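Reading through the structure tokens given below for one structure.
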Amino acid sequence: MRKALRWLLALVVLIGTVSTAGAATAAEPKAVDIKDRLLSIPGMSLIEEKPYTGYRFFVLNYTQPVDHRHPSKGTFQQRITVLHKDVNRPTVFYTGGYNVSTNPSRREPTQIVDGNQVSMEYRYFTPSRPAPADWSKLDIWQAASDQHRIFKALKPVYSENWISTGGSKGGMTATYYERFYPRDMDGVVAYVAPNDVVNKEDSAYDRFFARVGTEECRDKLNGVQREALVRRAPLEAKYAAYAAENGYTFDTIGSLDRAYEAVVLDYVWGFWQYSTLADCADIPADAKNATDDAIWNSVDTISGFSAYTDQGLETYTPYYYQAGTQLGAPTIHFPHIEKKYIRYGYQPPRNFVPRSIPMKFEPWAMRDVDTWVRHNARNMLFVYGENDPWGAERFRLGHGARDSYVVTAPGMNHGANVAGLVPDQKARATARILDWAGVAPAKVQENPSAARPLATFDARLDKRDVEREPALRP
């Protein structure tokens with residue numbers, strides 16, 4: 001009997017030991033690879049993974065509803081990328097408002113917080129376009145809802161703080177996202193974001209062009225622009241040959257003549273959007289006595305004669321559609337050019353979208369966003385360039401804003417960033433971004449002037465130059 005009891009007792013102890021060991025093993029599961037975690041998200045699929053030292057970079061498709069109000073009425077595949085560093089680091093949610101790059105890159109806030117980066121292709125930019133395309137579902141709320149769904153899907157993986165960002169139309173996109181889903185992000189950094197509150201009132205742009213840069217530079221630019229219209233006949237003949245050689249057509253805008261004038265009228269705007277005052281040295285100084293080739297080359301270099309061809313417009317159809325339905329578009333005057341030389345003036349977005357796509361402008365859309373930002377902005381930073389035309393109509397803050405800022409980088413164009421701010425503003429902006437991301441070191445919390453990006457600069461990853469696109473596209 002005693003032997004039996006001892007055997008039974010030993011068996012109980014053995015079972016207890018095995019159970020304890022099993023519990024310990026269960027408490028320490030093998031780490032799941034980040035790719036597997038991403039692909040376990042319903043609707044997420046892998047396009048490709050590209051290596052980059054210190055990161056994992058994924059190009060993915062995510063299934064989105066065409067209409068977030070009626071998700072059962074069809075879906076499309078939206079392309080996103082994930083630059084993965086560590087699930088314990090903050091995440092930056094970036095969109096440029098257009099196509100997404102499928103090569104690894106790191107936006108300024110991502111370098112500042114040393115975090116992960118999720119980048120989204122804007123809906124209706126191919127290949128992220130429903131088929132067939134119901135263009136009425138391309139609006140700022142639907143796009144913000146795309147971001148919201150992506151954030152909700154990825155937040156369980158990247159559980160630390162999130163900051164949204166974007167430049168130009170991407171800065172607008174980050175702002176609209178914050179307006180419609182203000183509880184998602186911990187901070188917003190919007191670069192060079194236009195804010196066309198009243199589409200028909202654009203005098204701010206005329207005032208900008210009357211004083212930007214120096215009088216000498218303005219006179220040189222104005223002279224080339226005027227001369228390009230004075231010499232319309234010979235330069236349009238050159239344009240026709242150029243179009244024929246490259247297979248360009250003009251069905252959407254209506255004629256080569258309309259396209260030519262649109263390119264020329266973009267010239268001064270395009271210069272200040274992408275160039276600096278130092279680049280004025282490259283502008284023909286005596287336009288009246290310059291050769292046709294000199295005038296052509298200067299306009300082509302800055303405005304691009306392919307911009308208003310059918311082939312040049314096609315990629316940007318979603319932008320022009322939004323400009324003509326919600327975002328608004330600038331109209332400026334040309335006091336240095338006699339009226340007899342201007343046949344069309346700044347043409348409306350309707351002229352740049354195929355007529356088969358219906359458009360109707362909603363004047364309340366931008367007023368709503370502007371009012372919300374003035375009274376409800378929280379943890380928002382707006383960065384503008386002193387010499388960027390798009391900053392003539394910008395976001396401004398009212399009494400209801402909290403921990404939010406509008407700053408201007410001196411001498412900078414459409415590529416303005418935090419690094420280009422004056423030193424005290426640069427340090428303060430960097431400190432706020434670090435704080436919103438939840439990674440501000442103790443010394444920065446005590447002394448914001450000590451704020452620096454947490455990651456070292458990487459020339460390949462940290463793209464500093466403005467993304468070059470034809471003028472009159474933010």
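The values are calculated or read from the model by the stated rules, or taken from the named source; none is laboratory data. Keep in mind it's a predicted model, so treat the numbers as computed, not measured. Positions of Cβ are generated from backbone atoms using ideal geometry, with glycine treated the same way; all protein chains shown enter the neighbour counts. Side chains included, ligands, DNA and RNA excluded: accessible areas come from the protein's heavy atoms. Shrake-Rupley method; radii C 1.70, N 1.55, O 1.52, S 1.80 Å.
Observations on the model:
- Subset of segment 84-104 that is among the aromatic types (Phe, Trp, Tyr) and in contact with a strand residue (DSSP E or B) (Cβ under 8 Å, 6 or more places away or on another chain) - its residue that is nearest to residue 192 (Cα to Cα): 94
- Summed over segment 237-257, the residues that are acidic (Asp, Glu) and either surrounded by 15 or more Cβ atoms within 10 Å (Cβ to Cβ) or in contact with a Ser or Thr (Cβ under 8 Å, 6 or more places away or on another chain) (or both) give a count of 1.
- Of all residues in segment 240-267 being polar (S, T, N, Q) and not in a helix (DSSP H, G or I), the one that is farthest from the chain's Cα centre (by Cα): 255
- Scanning segment 203-236 for residues that are open to solvent by less than 40 Å² (accessible area, probe 1.4 Å), closer than 19 Å to residue 294 by Cβ and of a type in the set (Gly, Ala, Ser) yields 223, 228.
- Each residue in segment 53-79 was checked for being closer than 14 Å to residue 146 by Cα, among the hydroxyl-bearing types (Ser, Thr, Tyr) and buried (at least 16 other Cβ atoms within 10 Å of the Cβ), and 1 of them qualify.
- Some residue of segment 294-305 being open to solvent by 10 Å² or more (accessible area, probe 1.4 Å), among the hydrophobic types (A, V, I, L, M, F, W, C) and closer than 26 Å to residue 144 by Cα: no
- In segment 137-175, residue farthest from residue 106 (Cα to Cα) [restricted to those that are of a type in the set (D, E, K, R) and open to solvent by 10 Å² or more (accessible area, probe 1.4 Å)]: 137
- Only residues that are open to solvent by 90 Å² or more (accessible area, probe 1.4 Å), modelled with pLDDT of 95 or more and closer than 30 Å to residue 458 by Cα were counted across segment 1-52, and they come to 0.
- Any hit, segment 107-124, residues being touching a residue at least 40 places away in the same chain (Cβ under 8 Å), at positive phi, in a loop (DSSP other than H, G, I, E, B) and buried (at least 24 other Cβ atoms within 10 Å of the Cβ): no
- Against the list (1) open to solvent by 10 Å² or more (accessible area, probe 1.4 Å); (2) modelled with pLDDT of 95 or more; (3) under 26 Å from residue 323 (Cα atoms), the condition residue 200 fails is (2).
Here is a yes/no grid of residues against (1) under 30 Å from residue 369 (Cα atoms); (2) of a type outside the set (A, V, I, L, M, F, W, C); (3) touching a helix residue (DSSP H, G or I) at 6+ places or on another chain (Cβ under 9 Å); (4) in contact (Cβ under 8 Å) with a residue 24 or more places away in the chain:
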{"residue": "169", "(1), (2), (3), (4)": "yes, yes, yes, yes"}
{"residue": "175", "(1), (2), (3), (4)": "yes, yes, yes, yes"}
{"residue": "181", "(1), (2), (3), (4)": "yes, yes, yes, yes"}
{"residue": "186", "(1), (2), (3), (4)": "yes, yes, yes, yes"}
{"residue": "203", "(1), (2), (3), (4)": "yes, yes, no, no"}
{"residue": "220", "(1), (2), (3), (4)": "no, yes, yes, yes"}
{"residue": "227", "(1), (2), (3), (4)": "no, yes, yes, yes"}
{"residue": "243", "(1), (2), (3), (4)": "no, no, yes, yes"}
{"residue": "249", "(1), (2), (3), (4)": "no, yes, yes, yes"}
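- For segment 374-383, a residue qualifies if it is in contact with a strand residue (DSSP E or B) (Cβ under 9 Å, 6 or more places away or on another chain) and surrounded by fewer than 24 Cβ atoms within 10 Å (Cβ to Cβ), and the qualifying residues are 376, 378, 379.
- Matching residues, segment 262-293, being within 21 Å of residue 210 (Cα to Cα) and either among the charged types (D, E, K, R) or open to solvent by 30 Å² or more (accessible area, probe 1.4 Å) (or both): 266, 276, 277, 278, 279, 281, 282, 285, 286
- Looking only at segment 433-460, residues that are without any contact (Cβ under 8 Å) to a residue 60 or more places away in the chain and open to solvent by less than 40 Å² (accessible area, probe 1.4 Å) come to 4 in all.
- Search result, residues across segment 85-98 that are more than 13 Å from residue 167 (Cα to Cα) and open to solvent by 20 Å² or more (accessible area, probe 1.4 Å): 85, 86, 87, 88, 89
- Residue 93 in contact (Cβ under 8 Å) with a residue 40 or more places away in the chain, closer than 30 Å to residue 444 by Cβ and among the hydrophobic types (A, V, I, L, M, F, W, C): yes
- Residue match in segment 400-417 (condition: in contact with a Ser or Thr (Cβ under 8 Å, 6 or more places away or on another chain) and under 27 Å from residue 89 (Cα atoms)): yes
- Helices (runs of 4 or more DSSP H) contained in segment 268-325 and holding at least 1 residues hydroxyl-bearing (Ser, Thr, Tyr) and within 16 Å of residue 474 (Cβ to Cβ): 317-322
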